[in-house]
Structures are given as C-alpha cells and as structure tokens.
1. By how many degrees, 0 to 90 and rounded to 10, does the Cα axis of helix 54-65 deviate from the longest principal axis of the chain?
2. Bin all alpha-carbon pair distances of the chain at 20 Å intervals from 0 and give each bin's fraction as a whole percent.
3. For segment 1-43, what percent of Cα pairs sit more than 15 Å apart?
4. When a footprinting reagent is the concern and you count Cβ atoms within 10 Å, what order do 271, 118 take, fewest first?
5. Counting other C-beta atoms within 10 Å, which of 52, 78 has the fewest, and how do the rest follow?
6. With everything on Cα atoms, drop me the angle between helix 131-145 and the longest principal axis of the chain, reported from 0 to 90° to the nearest 10.
7. Based on Cα coordinates alone, diagonalise the gyration tensor for segment 112-214, multiply each eigenvalue by 5, take square roots, and list the semi-axes in whole Å, largest first.
8. Taking R0 as 51 Å, what's the FRET efficiency between residue 236 and residue 91 from their Cβ-Cβ distance, rounded to 0.05?
C-alpha cells in the first residue's frame, strides 16, 4: 500500500525514529564517500508554488545522490498553475514519476494530491506544517544531545507551521515542548488538541522566560513568513521581545543549543550574537535537511 509524508500527525513514534535512523546511516555513508544509489532510475517530481532555497536544493541533490533524478515544476512551468485540477496533476504525474514533493500554501492541496496519486507524496511545506524541516531538527538534536526523550524544547515566536510540527515531532519522540507566543498567534487548534494527549509535557504561554526556563533546545522562526510580508509592520509590533537573546539563554539549561529553520533575520527573532555563537548547530540543522529527506525518499519510493 502506498505511503506518504503529509504531516507528522500521521506518523507513529516508531516511524519517526526509523526515518531518523536511516537519515543517520545515509549521512554517515555520504561523509565516508560511500556511493548509495538506492533509488537508481527513480524520478521525483518537485512542485513549487512557494519559492525555496533549502527545500529545492536538498531534495534535488538528495535524489541525485540516491541515484535518481528530479524534475522541477513551478506554478509558471506546469499546468497546475493554470487551473488544472490537483486531481488531474496527481494522476498524470503518477504515470510518469515515482514520487512527488510539493511545497505550497494549503494543506488541503497536499492531501488531495496524495488522495489521487498512486505514487508517494511528500509535503515540502504548507501553511499548516513543515514535517521535513522538523525531521531534520530532530536528527540534529539527537546528534548534539545524544537523545530526544526527556529533553525540553522551547519554541519562541509565531505559532505557525513550524510550531505546529515541532509540537507533534517533539511530543511523539518524548520531548517536553514549550511554546512562547502571543495569545493571538497560538498554534493551530488541531495541534493544541493533539498536545493535550500529553499531560505535563506541553506548555503554551505568552511568557517567554517561563517557556525557556531549563530548555535544552531553543528554537525560533521569522516573525513574518513567506506570503505574510504585507503584515510585517503589524507583526513587528506584536512580536517585539519574542527573541532569542542573552536574557533568554540565561534561563535555559546549561549548554542549551539553538536552532533556526532559516532564513534568519538577525536583530529580530534572534540576536546576531546568539546566532553566531550557535551557527554550527544551525548549519548542521540546515545540512540535515538533505539527509532526513533522503531517508524519507528512500523509505517511501524504494518499492515504486
């Protein structure tokens, strides 16, 4: 039966850990220069309705390293941007390719694409969630801390797609998760309902220092994501103070690590000093997009 990666809510803890384990193995092979054409002859269709640097490069480089090929389709290059129904795009690409990665706005579009496709569909980002990024985040935390279970993860900023996915990924792998955000920018109600299944493991508060207290991992994202540029001035006022800085680092656990999904706006959601002090962790995180996504592609596309 066909499997997809649409959102972390769909995955069990065991499935998440399997992806991380395979990602570690693939990363080790690449570091040692061991060729691993595990998807030789496979083709990945990449649909981009939102622009990207890391998502495009990591998926395209990843499928190439696995021995396959990628086809880039922007909304200007394909019929999906000319009002062709998603259902028809899914059916056509299923005849040509072995997997589809889509980076778009509405989660419903990804779900519909998967419903009608007969090949695996991977969510490269929607306004609801960003599963591939969080898999890379979990891989990075485990690399640096040696474990996930029992750690505390604190996210500071907009309760957006990143917050949604961090809550799910963190809780499912045994982490405590604290979200610091304004009351008017809380995570999706579906995600908050999910988090209530983990009593004593989740906190959502507007109090930044309370959320960051004793955190092993601090995480932030830009105040205005792609497509929200017109809201920036309003958001700048609302999110002022929602920043990872020396004060926040002072209440976190000793040797707390800092992550950012990038691009970063130094001086807004994170100070330049904190960013530079934790740049190795942040760019390990960026690199791990490649390895985590290779694991996803291998596990989903190997039997196509």
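1. 50 degrees
2. Using 20 Å bins, I get a P(r) of 35, 57, 8 for the chain.
3. Details: 539 of 903 pairs.
Counting pairs separated by more than 15 Å, the tail of P(r) holds 60 percent.
4. Values: 271 18, 118 11.
The fewest-first ordering by Cβ neighbours comes to 118, 271.
5. Working: 52 15, 78 19.
The most exposed by this proxy come first: 52, 78.
6. Compared with the principal axis, the helix lies near 60 degrees.
7. Values: eigenvalues 117, 61, 28 Å².
Sorted largest first and rounded, they come to 24, 18, 12 Å.
8. Values: r = 44 Å, r/R0 = 0.86.
The formula returns an efficiency of 0.70 here.
FYI, it's all coordinate maths here, none of it is from the lab. All values derive from a computational prediction rather than experimental measurement. Note that each Cβ is placed from the backbone with ideal geometry, even for glycine, and that neighbours are counted across all protein chains shown.
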